[in-house]
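Just below is one structure, and these are the notes that go with it.
The values are calculated or read from the model by the stated rules, or taken from the named source; none is laboratory data. The structure presented is a predicted model; accordingly, all values stated were derived computationally and were not measured. Neighbour counts run over all protein chains shown; Cβ positions are idealised from the backbone, glycine included.
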Amino acid sequence: MLLHLHNHSRQDLPAFLALSAGADTPSLLAQSALLTPHAMKWSTRVWIFDLRSCHEFWRRRAASENLAPLALIQRLLRHHFGVAEFYAAGADHPWQAALMIAALRVRKVTGLVLKTSAFGERLYRELNWSIWLAAADQLRIHMDAQLHSRKHDITCELAQLKRAVERMGLKSLRGFAGVQAASVKRRYGAMIASMWRWTHAKEGTSLDGFPWVAWCPVVRPNRLRVLDHACWDWAQIEPFLIEDLDRLCSHPAWDRSDHLTQIQWRLVFEDMEELQVEVGFRHPHHLHSEKGHHKTTVTRARERYFSVIKTWQAQRGEDVAAAALISWKLEVSAWFRVPERQNTLFTLRSSVDCHRIQSMENRLHVPLKRYVSTQDFLPEDSYQAGENSGEDISLNETWRQVASTRPLYIYQTPKAMTQVTERQGEFLERIQTKWWRTKEAQPSSRDYYRMRIGPCRRWLYRDHEGRWFEHGLFS
């Protein structure tokens, strides 16, 4: 059975996604850096991906391609698996995703299913004890692999719970639906009580004590640099750093479709003391797209370098000249693979704009503020902060004409002006203010003009009392 996305394509991205190859399909998850850099190998054929850190990236990419986010994820999974079957389950907790993927495999329902969809809710309500106990046993294996968890072995408690379920003749979890986690804890211990709590969690996307075992690749792209002479000046460091980043792009473990989210830069100084600089990115960064200059990576590295050096020197009480480098090692510590855009003959301008905005935000200290248009005649209410929902505003001809005469830059609060005459400017429009918002019962009118004052063309208006205000700039 193949389940398509038509029944929940408008829903939001899940926090966690469990993914498994079909029974007759070779394991295609060897490259597990898929969709996000944060993954956990749940079992031999099942991986769980933490999508929370990449929600914004996938939403913007989907919007740039005029797709719903889930439709884009579905397309990427199809591209990854080709004609092979796969199972995918989305939920707000990794434990729920693991239960969902097991249920899909038992019922042979291929494709992507969300727990929050109508089908997903029905499927989750019909979970049986064999699936739950198998997942609990798999979780026990992960806990046994962690040294600090070995003293909390739950083998006996699981066996006791299994015997109790068999004695009562229960098949579905619904027979235990009214049992509280506190009661389970008194009978079977804290860990099984946590599993029961995760099973019935309604809200929230936190791990809530789930023993997440992050997958770490055996080989990470890296580059070692031993300098011919010690140096501390950034002008000397930068050319070597760009050269090493270029060589990272050619590393055998690095693919052209990989996007990095963090680089570890380990510095070694003349006194053989080591210092680690973590270079992170607000959005996944495509290293190959800046080959030759790497402006984004170099900008982030420079910022982090001086920040860490300043803190380190303050602790040591030394000056800048003492921080002389003799070698370093660059290592990509977090990345994931983003397949190239499919089914597009030409590159959409929105895709290019989205990439430029993300690159700009990766270089800046703070994220950019975004504004979207609203259908409102009052200039200060014609936009609002927030992300574009992807829905077309469909402006009629009147709104388009008004928008064409207004500037791009509008002040939040108009500035009072003096010594302005009507002859200086070109009349644009007259509007009425929203009198019902003020204490005044009578409406107030505004006559807007475009005037050149000095080197700039300004957007001014005169109110009903003859006072002049500057409300924006054309250039």
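Please indicate, with yes or no, whether at least one residue in segment 77-89 is surrounded by fewer than 20 Cβ atoms within 10 Å (Cβ to Cβ), small (Gly, Ala, Ser) and either over 18 Å from residue 44 (Cβ atoms) or assigned by TED's automatic domain parsing to the domain that holds residue 21 (or both).
yes
Just need a number here: residues in segment 274-285 that are within 18 Å of the chain's Cα centre (by Cα) and free of Cβ contacts under 8 Å to residues at least 40 places away in the same chain.
Our first condition is that a residue be within 18 Å of the chain's Cα centre (by Cα); within segment 274-285, this holds for 279-285.
Checking the rest, the ones that are also free of Cβ contacts under 8 Å to residues at least 40 places away in the same chain come to 279-280.
Result for segment 274-285: 2.
Considering only segment 372-387, I want to know if a residue exists there that is farther than 30 Å from residue 294 by Cα, within 29 Å of the chain's Cα centre (by Cα), modelled with pLDDT of 75 or more and assigned to a loop (DSSP other than H, G, I, E, B).
Yes, some residue in segment 372-387 is farther than 30 Å from residue 294 by Cα, within 29 Å of the chain's Cα centre (by Cα), modelled with pLDDT of 75 or more and assigned to a loop (DSSP other than H, G, I, E, B).
Among (1) over 22 Å from residue 34 (Cα atoms); (2) among the β-branched types (Val, Ile, Thr); (3) modelled with pLDDT under 85, which single condition is residue 205 missing?
Exception for residue 205: condition (1).
Whether any residue in segment 277-287 is under 16 Å from residue 355 (Cβ atoms) and part of a loop (DSSP other than H, G, I, E, B) is what I want to check.
Step one: list which residues in segment 277-287 are under 16 Å from residue 355 (Cβ atoms), which gives 281-287.
Now narrow it down to the ones that are part of a loop (DSSP other than H, G, I, E, B): 286.
Within segment 277-287, one or more residues are under 16 Å from residue 355 (Cβ atoms) and part of a loop (DSSP other than H, G, I, E, B).
Out of 107, 125, 174, 140, report the one residue that is basic (Lys, Arg) and under 25 Å from residue 215 (Cα atoms). Full working, then the answer.
Values: 107 fails: under 25 Å from residue 215 (Cα atoms); 125 fails: under 25 Å from residue 215 (Cα atoms); 174 fails: under 25 Å from residue 215 (Cα atoms).
Answer to the check: 140.
Go over the candidates 311, 413, 421 one by one and state the one that is of a type in the set (Ser, Thr, Tyr), at pLDDT below 80 and surrounded by fewer than 16 Cβ atoms within 10 Å (Cβ to Cβ).
Numbers: 311 fails: at pLDDT below 80; 413 fails: at pLDDT below 80.
Only one candidate qualifies: 421.
Does residue 178 satisfy the condition of being at pLDDT below 80, loosely packed, with under 13 Cβ neighbours inside 10 Å and either touching a strand residue (DSSP E or B) at 6+ places or on another chain (Cβ under 9 Å) or not assigned by TED's automatic domain parsing to the domain that holds residue 132 (or both)? Step through it out loud before you land on a result.
Working: at pLDDT below 80: yes; loosely packed, with under 13 Cβ neighbours inside 10 Å: yes; either touching a strand residue (DSSP E or B) at 6+ places or on another chain (Cβ under 9 Å) or not assigned by TED's automatic domain parsing to the domain that holds residue 132 (or both): no.
Criteria not met by residue 178.
Of all residues in segment 205-263, how many are of a type outside the set (Val, Ile, Thr), over 29 Å from the mean Cα position of the chain (by Cα) and either buried (at least 16 other Cβ atoms within 10 Å of the Cβ) or in a loop (DSSP other than H, G, I, E, B) (or both)?
3
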